[in-house]
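What follows draws every value from the coordinates through simple rules; no lab data is involved. Note that the structure is predicted; figures quoted are calculated from it, not measured. For neighbour counting, all protein chains shown are included, and Cβ atoms are generated from backbone atoms with ideal geometry for every residue, glycine included.
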Amino acid sequence: MYLQGEAVRCVDDGDWPYVVEVRFTDVDGRQWSVVDKIVMFGTGSLSEELFDAGFPYPAAIGVPCRVLGSPTVGDDDEVVTVAVLPERGCGPEVRVRRRQLDGAEPVLVSACLAGVPCRYDGRAKTSEAAVGLVEDGRAVVVCPEVAGGLATPRPAAEIVGGDGADVLDGRARVVDATGADCTEAFLDGARQALAAAEAAGARRALLMARSPSCGCGQVYDGSFDRTLRAGDGVTAALLRRAGVVVTAGQAG
Ligand code: SF4
């Protein structure tokens, strides 16, 4: 769920993802400010890459939040308390009007963030934000790699020769740690994830960071030595092309 906010400036566009300052107002008219990476926020139809120092600020932006101790439906004028940036675990708790929240849209969620032990190592990477979406009945939970037919556990995989967009365009491949090419399974899983998002009407996705499927903005570079490069995983790239706003989630 998002709290309506306003991106007011780029704090640092030296490295991707850029750091921005976002402001929002509570029910008492007090203005709050949070500074975080642009990928933490909901940028709607705008690409996250646009939010550099040259961007014509201010711009409407969604601040991730979670309603605390309250049912998920209610009057628009109702005052609710929300935890801001719940994934960070250290954001403020503020009182806002329900109408300041961005509806109850479904959100595509990486299954491992929702607590499903579907990662290559047979574990989950449970995220409070993802579990909150599940509890709110808004999560469309998908593991693209399992959907694509891969077993759990399975060898770790990385994109070789580019990022997920390059895989979609046939310029890069997904290879696992044994050297096996698993590109087709990743493409199949990406298509199934997109189909699930479209079927549910999900225009946003909360996806596991750095995964060759779900990573948004950063993925491992194919060297299998934990080196990151800019780019999306295969599913994230396909979702982004389809207009779904993708956000990298973290365990915790
Ligand atoms: S990162 Fe994506 S593909 Fe990998 S285990 Fe999690 S949901 Fe599945």
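For region 1-37, run through the trypsin sites (Lys or Arg not before Pro) and keep only the ones in DSSP coil with at most 15 other Cβ atoms within 10 Å of their Cβ.
On the way: sites: 9, 23, 30, 37; in loops: 30.
When the trypsin sites (Lys or Arg not before Pro) of region 1-37 are filtered for loop state and at most 15 Cβ neighbours within 10 Å, 30 remain.
In order along region 217-223, the phi-based Karplus estimate (6.51 cos²θ - 1.76 cosθ + 1.60, θ = phi - 60°) of 3J(HN,Hα) comes to x, 8, 9, 6, 8, x, 8 Hz; Gly and Pro are listed as x. The amide H of residue 156, built 1.01 Å from its N in the peptide plane, has 177 as neighbours under 5 Å, considering only residues 5 or more places off or on other chains. Between the residues 34, 65, 46, the greatest Cα displacement towards the positive end of the dipole of the chain, with unit charges on the Cβ of Lys, Arg, Asp and Glu, is found for 65.
Give me 138, 241, 97 ranked fewest to most by other Cβ atoms within 10 Å of their Cβ, as a rough exposure proxy. Kindly include the intermediate steps, with their values, before the conclusion.
Values: 138 19, 241 13, 97 16.
The order, fewest Cβ neighbours first, is 241, 97, 138.
Backbone amide hydrogens, once placed in the peptide plane, bring residue 208 within less than 5 Å of 110, 249, excluding anything fewer than 5 places away on its chain.
On average over all directions, what projected area in square nanometres does region 107-249 have, based on the convex hull of its Cα atoms? Please list the in-between numbers first.
Working: hull surface 28.7 nm².
Its average projected convex-hull area is 7.2 nm².
When every Cα-Cα distance of region 2-100 is counted in 10 angstrom steps from zero, the calculated P(r) takes the values 16, 48, 28, 8, 0 percent.
Could you please rank 235, 126, placing first whichever residue has the fewest other Cβ atoms within 10 Å of its Cβ?
In order of increasing Cβ crowding within 10 Å: 126, 235.
Applying a 4.7 Å Cβ-Cβ cutoff to the chain, the cysteines left without a disulfide-compatible partner are 10, 65, 90, 112, 182, 214, 216.
Pairs of Cα atoms in region 97-171 fall into 5 Å distance bins, from 0 up to the last occupied one, in shares of 3, 14, 18, 17, 17, 14, 8, 5, 2, 1 percent. Residues whose amide H falls under 5 Å from that of residue 232, counting only those 5 or more places apart or on a different chain, are 164, 165, 217, with hydrogens built in the peptide plane.
Computed over the chain, the P(r) tail beyond 25 angstrom holds 41 percent of alpha carbon pairs.
The separation of region 148-196 from region 1-35, counted between C-alpha centres, amounts to 34 Å. Taken one residue at a time, the phi angles of region 50-67 give Karplus couplings (6.51, -1.76, 1.60, θ = phi - 60°) of 6, 7, 8, 5, x, 5, x, 5, x, 8, 5, 8, x, 9, x, 8, 9, 5 Hz. Gly and Pro are set to x.
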